[in-house]
1. Of all residues being surrounded by 14 or more Cβ atoms within 10 Å (Cβ to Cβ) and without any contact (Cβ under 8 Å) to a residue 24 or more places away in the chain in the range 175-203, which is nearest to the chain's Cα centre (by Cα)? Just the residue, please.
2. Tell me, which residue of the range 24-51 that is more than 25 Å from residue 96 (Cα to Cα) and of a type outside the set (Lys, Arg) is modelled with the highest pLDDT?
3. Quick one: residue 160 ticks every box in (1) free of Cβ contacts under 8 Å to residues at least 40 places away in the same chain; (2) within 16 Å of the ligand (Cβ to nearest atom) except a single one, so which number is it?
4. Go through the range 141-195 and tell me which helices (runs of 4 or more DSSP H), entirely inside it, have 3 or more residues that are under 30 Å from residue 114 (Cα atoms) and modelled with pLDDT under 90.
5. Does the range 30-46 hold any residues that are in a strand (DSSP E or B) and without any contact (Cβ under 8 Å) to a residue 40 or more places away in the chain, and which are they?
6. I need every pair where a residue in the range 112-124 that is under 10 Å from residue 86 (Cβ atoms) has its Cβ under 6 Å from the Cβ of a residue that is away from the ligand (no atom under 13 Å from the Cβ) and basic (Lys, Arg), sequence separation at least 6 or different chains.
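The values are calculated or read from the model by the stated rules, or taken from the named source; none is laboratory data. Values in this document were obtained by computation on a predicted structure and should not be read as measured data. Here the Cβ positions follow ideal geometry from the backbone for every residue, glycine too, while neighbour counts run over all protein chains shown.
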Amino acid sequence: MDGIKGELLQYKGGGYSGCIWEWNYSAVVTEGECAGYYVIYASGRYGCTTAEQWEVFEQNARERDLYRYTLTEAGLASFVEESNAGHVKGVGDWLYNEFGIEVMATCEDCGREFPTTDMLAGGLEGCGGIAVQFSELFCENCYLTPNEGQLDEARWDAAQDMRKSLAARFPEAVDELDELEDEQLGDVFEQLLRRAGGYWEIEGKRYTYPSMDVVTVLRDVTAADVLHMAR
Ligand SMILES: [Zn+2]
């Protein structure tokens, strides 16, 4: 970030349906040929799309409505620390494209640092209204690979669905199928999913196999197949 001196501004801009306000972002560069006011994201009635609007807002802003981060490694680290993952990604990409400034963040799964331009936002959470925000940042590798805890949970869910579907589909083998453990059923589901070219979709993260439900993966399977695969 050589030569770029200034601040990233995070402030309460305009609202959207269901939320009273949302964070807006601007940058002010104080020196050099890039000096000026830059709009990163502005919305609604308090969004500032010009330097003049910003001046007025700044004079009247309450402390909790405005945060300033210097465009330095330390300043941007505290921005990353304090802010929603989706915003970190959006603002990080903007700063890189506009000024070549790299914003570094930590991958939620593997704990390693990456420039946000090489990361993806996931882990959906609501914000009380219709808007959905991302709560976590992942490196590309982790984004495409489920972690063990998430996979275990998904296998368990799949096992419960498998149990119901198998009972409906193979009433003659229900006793034998009932003896299978959750773990075995989850494992069979995963084998069938991979065989069919399906993918797991877990907590807003998408993995390498196209998503399918239990009914689909069981379509061409017999009770004997399931019992065989479980062993
Ligand atoms: Zn990672």
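1. If we take residues in the range 175-203 being surrounded by 14 or more Cβ atoms within 10 Å (Cβ to Cβ) and without any contact (Cβ under 8 Å) to a residue 24 or more places away in the chain, then 201 is nearest to the chain's Cα centre (by Cα).
2. As a first pass, look at the range 24-51 and keep what is more than 25 Å from residue 96 (Cα to Cα): 44-46.
With of a type outside the set (Lys, Arg) added as a condition, the list becomes 44, 46.
Details: 44: 75, 46: 84.
If we take residues in the range 24-51 being more than 25 Å from residue 96 (Cα to Cα) and of a type outside the set (Lys, Arg), then 46 is modelled with the highest pLDDT.
3. That leaves (2) as the condition not met.
4. Working: elements: 148-169, 174-178, 182-195.
Filter on the range 141-195 gives 148-169.
5. Restricting attention to the range 30-46, the residues satisfying the condition of being in a strand (DSSP E or B) are 36-41.
Scanning the range 30-46 gives 36, 37, 39.
6. 121/89
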